[in-house]
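Read-outs throughout are calculated quantities, based only on the coordinates presented, and are distinct from any laboratory measurement. Only a predicted model underlies this, so the values are computations on that prediction, with no experimental measurement involved. Here the Cβ positions follow ideal geometry from the backbone for every residue, glycine too, while neighbour counts run over all protein chains shown.
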């Protein structure tokens, strides 16, 4: 028994006017969105001086530094400085009691005067053949001995007067008048702070890049917002066989006296100094091992984008060095890369620089 087969009827679909209107509106909106000019913020490629930084830690020391002490045992008779005072070379800082030595000096001076008179009388008598030449020579010898004794006493007296060996700033004094001091006892520190020395070490692999006169910058926690500039003065003659590093000494001008001996400083040596093109790192579009920027071209009142491949160098603090592909003052997209396309017309909101940031431009465009 055969059942009759059922036939499927396909009726033609006729869209309603409402559906047709909705489809056209959707298509039109997509085309309009695709063709609308995306808003972008640009920035200029700038030519600036760059270098490859070499970072290290170093400790400051004064150009000249000494701790003054006594060489004799005696009582302090006079102190001629105040804590932290700037003193000049040769200035008397501390005088020890020297009454006994002064008395010996006066006695020796009197003895020298006596022997000089005796020598003069002997010379006069010898000229008249009334004295032997040997007596004249003996008197002159005794006079020279008296002079030598006076010089020895004066040398000992110098130990009782402690003077500044160079101009600098004294530290705290820990003694008072009447105190008994002994040889080797620390009396006061003296530092010459006009120029500071910074000692640090770098790996030996960088030895070929260092040379005296190379500029560097340094910062310290005491003045976190300030950068101190100096230059390499000396490079060590030996490489440490354990750490494989070489010692380097730099010098910093310290006319304002803010830097102090013992400070820890972070050093950045400016090696391989060069003039190069620099742009913000956010303006780079990476694609594999290639890098692109979106160039902004303004012609005949229109702004159009053009993708350009660039070769980059060092990256540093949100900036990147451009070796090839851009010239100074080229205008590129800094903000809005997500919607930017090659050969697309764009709407330039503004140009970001050191004075005007992205946020300010976006708020002004609202």
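Pick out which of 321, 89, 100 has the largest mean-square fluctuation in a Gaussian network model of the chain, springs linking Cα atoms closer than 10 Å.
Of 321, 89, 100, the Gaussian network model singles out 100 as fluctuating most.
Could you tell me the calculated FRET efficiency between residue 123 and residue 161, based on Cβ-Cβ distance and R0 = 30 angstrom, to the nearest 0.05?
Values: r = 37 Å, r/R0 = 1.24.
FRET efficiency, residue 123 to residue 161: 0.20.
Helix 17-35 sits at what angle to the longest principal axis of the chain, using alpha carbons and giving 0 to 90 degrees rounded to 10?
The two axes meet at around 30 degrees.
Which one, 132, 164, 152, has the greatest fluctuation when you compute a Gaussian network model over the chain with C-alpha springs under 10 angstrom?
In the Gaussian network model the winner is 132.
Measure nothing fancy, just the Cα-based angle from helix 133-158's long axis to the longest principal axis of the chain, in degrees from 0 to 90, nearest 10.
So the helix axis and the longest Cα principal axis differ by about 40 degrees.
Using a Förster distance of 56 Å, how high is the FRET efficiency between residue 243 and residue 365, based on the Cβ-Cβ distance and rounded to 0.05? Mind showing how you got there, number by number?
Numbers: r = 56 Å, r/R0 = 0.99.
Efficiency, from the Cβ-Cβ distance: 0.50.
Could you calculate the contour length gain from residue 172 to residue 233, that is, 0.36 nm times the residue separation minus the distance between their Cα atoms, to one decimal place in nm? Let's see the in-between values first.
Working: separation 61, 0.36 × 61 = 21.96 nm, distance 3.05 nm.
Result: 18.9 nm gained on full extension.
How large is Rg/Rh for the chain, to two decimals, with Cα atoms and a Kirkwood Rh?
On the way: Rg = 43.2 Å, Rh = 30.1 Å.
Reported Rg/Rh, Kirkwood definition of Rh: 1.44.
Residue separation times 0.36 nm, minus the C-alpha to C-alpha distance between residue 323 and residue 130: what's the value? Kindly include the intermediate steps, with their values, before the conclusion.
On the way: separation 193, 0.36 × 193 = 69.48 nm, distance 10.18 nm.
That pair, residue 323 and residue 130, stretches by 59.3 nm at full extension.
Give me the distance in nm between label points sitting 7 Å out from Cα along the Cα-to-Cβ direction at residue 225 and residue 274, one decimal.
Placing both labels 7 Å beyond Cα along the Cβ direction yields 3.5 nm.
Let's test the formula: R0 of 30 Å, r as the Cβ-Cβ distance of residue 309 and residue 351. What FRET efficiency results, to the nearest 0.05? If you can, show how the numbers build up before the last one.
Details: r = 23 Å, r/R0 = 0.76.
The value I calculate is 0.85.
With equal scatterers on the alpha carbons only and no solvent term, can you work out the Debye log10 of I(q)/I(0) for the stretch 263-366 at 0.19, 0.24 1/Å?
-1.04, -1.44
Note the angle between two axes, namely the Cα long axis of helix 99-127 and the longest principal axis of the Cα atoms of the chain, as a number of degrees from 0 to 90, rounded to the nearest 10.
50
Contour minus end-to-end for residue 256 and residue 152, with contour as 0.36 nm per residue of separation and end-to-end as the Cα-Cα distance?
Details: separation 104, 0.36 × 104 = 37.44 nm, distance 4.33 nm.
Full extension from residue 256 to residue 152 adds 33.1 nm.
Between residue 69 and residue 300, what is the label-point separation in nm under the 7 Å Cα-to-beta-carbon projection?
It is 8.9 nm.
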